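> This is the structure I have questions about; it appears just below.
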Amino acid sequence: SSCDWSREAYTFDEKRSRAVAEIFTRMYDDGLIYRGYRIVNWCPRCESTLADDEVEYKEEPAKLYYMKYGPFVVATTRPETKLGDTGVAVHPDDERYKSWVGKTVTIDLGIGPQLIKVISDPSVDRNFGTGMVGLTPAHSAVDFKMAEENLLPIRKVIGEDGKMTGLAGKYAGLPVVEAREKFVADLQAKGLIEKIEDIKHSISVCYRCGTVVEPLTSRQWFVDVERPIPGRGKSLKRLAIDAVRKGGIKIVPDRFEKVYFHWMENLRDWCISRQIWFGHRIPVWYCESCYVEEDDTADRAGGAERETKKHQGINVAATRPDKCKDCGRPDLVQDEDTLDTWFSSGTWTFSTLGWPEKTADLKRFHPTQVLETGYDILFFWIARMILMTEYALDQVPFEQVYLHGLVRDEQGRKMSKSLENIIDPLDVSAKYGTDAVRLSLIIGNTAGNDLKLSEEKIGYFRNFTNKLWNISRFIMMTLGEGARAVPAGRPAPKTLADQWILGRLDEVVGSVTADLDKMNFSRAGETLRDFTWSELADWYLEIAKVEKGKEKLLPYLLLQVLKLWHPFMPFVTEEVYRLVFAKDANDMLMVAGWPRAAGKMPAKAKADFAAIQDLVVALRNIRASYKVEPGRKIDALVFAGTKADLFKKHAEIVRGLAKVGELTVAAKGQRPDKAAGAVVGSVQVFVPLGSLVDFAAEKTRLEDELQEAEKYLTSLELKLKNESFVARAPAAVVEAERQKKVAQVEKINKIIEQLEALK
RNA sequence: GGGCGUGUGGCUCAGUUGGUUAGAGCGCUGUCCUCACACGACAGAAGUCAGUGGUUCGAAUCCACUCACGCCCACCA
């Protein structure tokens, strides 16, 4: 896929703003958006509400105060909120308090009498504290809920500024922390604090600024996630759950589906109004003539009907109305609040395609196929997009969600400004190239797992980029001065090496394509890298220096490799394509077709080539262990048995790649004097090195090799002697083990032969 | 309190439905500035797959438990 810049969109441009206002209006008309006075998460620093998932939790040591409370004792971590208590809850079966339930007591915490009703609720833990919970409906979601059920008054003692309100008596105007200290000191002076315990407590903080969040009652706009949508019979919540459960959306890796369901099932009404200026303004206008501010304290919850639909002077519309729907007067004032950014972003997949117009784009491109994002944004954005899209279009927003992990530093820490461990993509792009940065983010990481990134890693991929560049240069050189390659069909293989590299290419095309389909991006990249570097460059290009006549095949291989790499490293591949293949400026790799595997390599070709590789490696090994200078040629004698013809035929390759002067191949023969030797399968290799040969070392090496080989043989024999294995394992597996045994026996015999000759 | 993830050579990570003597890159060791590339070539060393028990002819892979680290969720007052 590529970006279509003609469809560039911005959240706050006219079309997107229109879509946001439109969906708000529709949801309001369907009774899914309402204005209500209830508990919200309030950040005193941002002076705004927060959605439930915008609140983060931190475990911190805290104090649990046991305070005298009229005839009772209650335990609390927030003594100052007790000034807002209007009730107290106990477990229904708690014998200690049973007789009190239903009664109202009057207590005085120092600011005058407070009426406290005793209620019972099964959620109260009898063993925590005194088994009795003071209820502060205005500052605790749980308490608020119980207050609803038991019709307790709401007494708001903490204001939006984070300071105590007028209802807090002499503590009014104090910030909560100061109020707490003073209040506790006052209680202690009066002997009303029974004891103080140290406990661990999780406090809620604002995800944006880290300030402690105050739950408080406030009049805000909410999305009702439980209410059945008119005409559809399902709630938003249900719709969003079914989208994933019924397979319309697949999340990769799938374990996140479980996380998604859990979150959705527990979703409560979503507070969408914010008191910040950056956002879409809420499309609601209040009539200056007939709208009367609701009375907060008299208000009970109760939902959409009571609070908005019936409320006079509230006008909801996608564009500013001329006059009030109730009184017809034109004096309208728009709500000053903005919408939660995720409410707006939730419309993204369809607002970018022109919704609410019935555009051709919408018809053609929606639902989209893949959304790719970090798992930390699953609730914020993905869940909201699903919710909003299901509502607006009765479609899923996308068919697949690919979740990547978070990028961390070398030590696994989150990147952050304060730790100064941020790797700026622009810096490292300039330093190592953009393709190298891309590769370092793709390779070495799997879906949903965090990624440790370091400059060192990026540097490695810079090296690979350079390797690909040099491979291209080499291939260009073989084409001759200034020559350009014409993309053509697949050339027929002329040699075994050709057959092998084309066969390997097919295998690589197959596995890379399959991995991309399965979103195994890292594995696809690794497969490609290993093929490009080890097989194409280290083997085939070296062979091409020996075997000539590859003017067609080399460009073909390069083009296929460029196509396969293009999604991973678009810049370098495109540039090489431009230099080597492009007919004109409009001929671009990024729109080229994806390679397809042409066939399957014959097993014989594969085995033959592997035998040649083994021989070359064995010869190089001897060179290395005797420290023969790279420039110096060695002579070699090979007793190859049935492979003699194969080696004779490809002697040039062996000589070229292993720097052999005279290569003698025979089925078998007599071991030469003063030669270093090696055994590769059933093949014996000798390199006469005259006085250089160290017989003691040769002997030790062969003995070690023999020991190793016998150990393996024993394990094979043991396996084959096991009757259950032979009887129960698939025939093919058993046969494979038998073959291994035969080969191993042969190898051992050759090693013994060589050892004998040394004596 | 609930849920999830990770634990594989010094480091970073792959290992599809259980079946090659467990792979790769970095790093390391040795030789080389060989005419595409020293951001390179060649050769090599290095792992009882966290632990225990189980299932199986066969376990890094499946099951149970344990340990370590990390993350997410939750109205523990």
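The values are calculated or read from the model by the stated rules, or taken from the named source; none is laboratory data. What you see is a predicted model; the values in this text were computed from it and never measured. Every residue, glycine among them, receives a Cβ derived from its backbone with ideal geometry; neighbour counts consider all protein chains shown.
> Could you run through the stretch A:632-650 and say how many residues are over 51 Å from the mean Cα position of the chain (by Cα) and outside any strand (DSSP E or B)?
Result for the stretch A:632-650: 9.
> Taking residue A:173 as the residue in question, decide whether it is away from RNA strand B (no atom under 13 Å from the Cβ), small (Gly, Ala, Ser) and surrounded by 12 or more Cβ atoms within 10 Å (Cβ to Cβ).
Yes.
> Let me ask something additional. Among the candidates A:663, A:755, A:706, which residue alone is away from RNA strand B (no atom under 14 Å from the Cβ), of a type in the set (A, V, I, L, M, F, W, C) and either modelled with pLDDT under 90 or more than 27 Å from residue A:650 (Cα to Cα) (or both)?
It is A:755.
> Continuing with the same structure: Among the residues of the stretch A:129-147, is any surrounded by 18 or more Cβ atoms within 10 Å (Cβ to Cβ), more than 15 Å from RNA strand B (Cβ to nearest atom) and in contact (Cβ under 8 Å) with a residue 40 or more places away in the chain?
No, the stretch A:129-147 has no match at all.
> Sticking with this structure for a sec: Does residue A:596 satisfy the condition of being loosely packed, with under 13 Cβ neighbours inside 10 Å and modelled with pLDDT of 90 or more?
Judged against the criteria, residue A:596 is a match.
Residue-wise test of (1) within 27 Å of residue A:39 (Cα to Cα); (2) modelled with pLDDT under 90; (3) more than 29 Å from the chain's Cα centre (by Cα); (4) in a loop (DSSP other than H, G, I, E, B).
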site	(1), (2), (3), (4)
A:204	yes, yes, no, no
A:208	yes, yes, no, yes
A:215	yes, no, yes, no
A:228	yes, no, yes, yes
A:238	yes, no, no, no
A:244	no, no, no, no
A:256	no, no, no, no
A:261	yes, no, no, no
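> Is it the case, given these coordinates, that residue A:734 is assigned to a helix (DSSP H, G or I) and modelled with pLDDT of 90 or more? Before you say what the answer is, go through the steps one by one.
Working: assigned to a helix (DSSP H, G or I): yes; modelled with pLDDT of 90 or more: yes.
Considered against the rule, which asks whether it is assigned to a helix (DSSP H, G or I) and modelled with pLDDT of 90 or more, residue A:734 comes out as yes.
> When the stretch A:452-488 is examined, which residues are found to be more than 6 Å from RNA strand B (Cβ to nearest atom) and without any contact (Cβ under 8 Å) to a residue 60 or more places away in the chain?
A:453, A:454, A:455, A:457, A:458, A:459, A:461, A:480, A:481, A:482, A:483
> Which of the residues spanning the stretch A:68-123 are of a type in the set (S, T, N, Q), crowded, with 19+ Cβ neighbours inside 10 Å, within 12 Å of RNA strand B (Cβ to nearest atom) and not in a strand (DSSP E or B)?
Within the stretch A:68-123, just A:81 meets the criteria.
> Can you pull out the residues in the stretch A:49-67 that are loosely packed, with under 14 Cβ neighbours inside 10 Å and either more than 10 Å from RNA strand B (Cβ to nearest atom) or modelled with pLDDT of 85 or more (or both)?
Result: A:60, A:61.
> Looking at (1) in a strand (DSSP E or B); (2) more than 44 Å from the chain's Cα centre (by Cα); (3) polar (S, T, N, Q), can you tell me which one residue A:41 breaks?
So residue A:41 meets the others, but not (2).
> Check A:199, A:251 and return the single one that is within 16 Å of RNA strand B (Cβ to nearest atom), in contact (Cβ under 8 Å) with a residue 24 or more places away in the chain, touching a helix residue (DSSP H, G or I) at 6+ places or on another chain (Cβ under 7 Å) and assigned to a strand (DSSP E or B).
Going through A:199, A:251 in turn, the sole match is A:251.
> Based on what the data block shows, is residue A:221 touching a residue at least 12 places away in the same chain (Cβ under 8 Å), out of contact with any Pro (no Cβ under 8 Å at 6 or more places or on another chain), away from RNA strand B (no atom under 15 Å from the Cβ) and assigned to a strand (DSSP E or B)?
yes
> Could you run through the stretch A:339-382 and say how many residues are small (Gly, Ala, Ser) and either without any contact (Cβ under 8 Å) to a residue 12 or more places away in the chain or surrounded by fewer than 24 Cβ atoms within 10 Å (Cβ to Cβ) (or both)? Step through it out loud before you land on a result.
In the first step, residues of the stretch A:339-382 are kept if they are small (Gly, Ala, Ser); the result is A:344-346, A:351, A:354, A:360, A:374.
Keeping just the survivors that are either without any contact (Cβ under 8 Å) to a residue 12 or more places away in the chain or surrounded by fewer than 24 Cβ atoms within 10 Å (Cβ to Cβ) (or both) gives A:345, A:354, A:360, A:374.
Matching residues across the stretch A:339-382 total 4.
> Tell me yes or no: at least one residue of the stretch A:33-47 is modelled with pLDDT under 90, within 10 Å of RNA strand B (Cβ to nearest atom) and not hydrophobic (A, V, I, L, M, F, W, C).
no
> Can you pull out the residues in the stretch A:475-497 that are assigned to a helix (DSSP H, G or I) and either touching a strand residue (DSSP E or B) at 6+ places or on another chain (Cβ under 9 Å) or surrounded by 15 or more Cβ atoms within 10 Å (Cβ to Cβ) (or both)?
A:475, A:476, A:478, A:496, A:497
> If you go through the stretch A:498-521 one residue at a time, do you hit one that is within 8 Å of RNA strand B (Cβ to nearest atom), surrounded by 16 or more Cβ atoms within 10 Å (Cβ to Cβ), assigned to a helix (DSSP H, G or I) and in contact (Cβ under 8 Å) with a residue 60 or more places away in the chain? If you could, list the steps in order and put the result at the bottom.
The initial filter retains those residues of the stretch A:498-521 that are within 8 Å of RNA strand B (Cβ to nearest atom), namely A:511, A:514-515, A:518, A:520.
From the residues that got through so far, the ones that are surrounded by 16 or more Cβ atoms within 10 Å (Cβ to Cβ) too are A:511, A:515, A:520.
Narrowing further to those that are assigned to a helix (DSSP H, G or I): A:511, A:515.
Checking which are in contact (Cβ under 8 Å) with a residue 60 or more places away in the chain leaves us with none.
No, the stretch A:498-521 contains no residue that is within 8 Å of RNA strand B (Cβ to nearest atom), surrounded by 16 or more Cβ atoms within 10 Å (Cβ to Cβ), assigned to a helix (DSSP H, G or I) and in contact (Cβ under 8 Å) with a residue 60 or more places away in the chain.
> All but one of (1) within 15 Å of RNA strand B (Cβ to nearest atom); (2) touching an Asp or Glu at 6+ places or on another chain (Cβ under 9 Å); (3) closer than 30 Å to residue A:651 by Cβ hold for residue A:492, so report the exception by its number.
Every condition holds for residue A:492 apart from (1).
> If you check residue A:530 against the conditions, is it within 23 Å of residue A:451 (Cβ to Cβ), within 12 Å of RNA strand B (Cβ to nearest atom) and out of contact with any helix residue (DSSP H, G or I) (no Cβ under 8 Å at 6 or more places or on another chain)?
Taking the combined requirement at face value, the residue satisfies it.
> Can you tell me which residue among A:656, A:641, A:681 is within 21 Å of residue A:613 (Cβ to Cβ), touching a helix residue (DSSP H, G or I) at 6+ places or on another chain (Cβ under 7 Å) and in contact (Cβ under 8 Å) with a residue 24 or more places away in the chain?
It is A:681.
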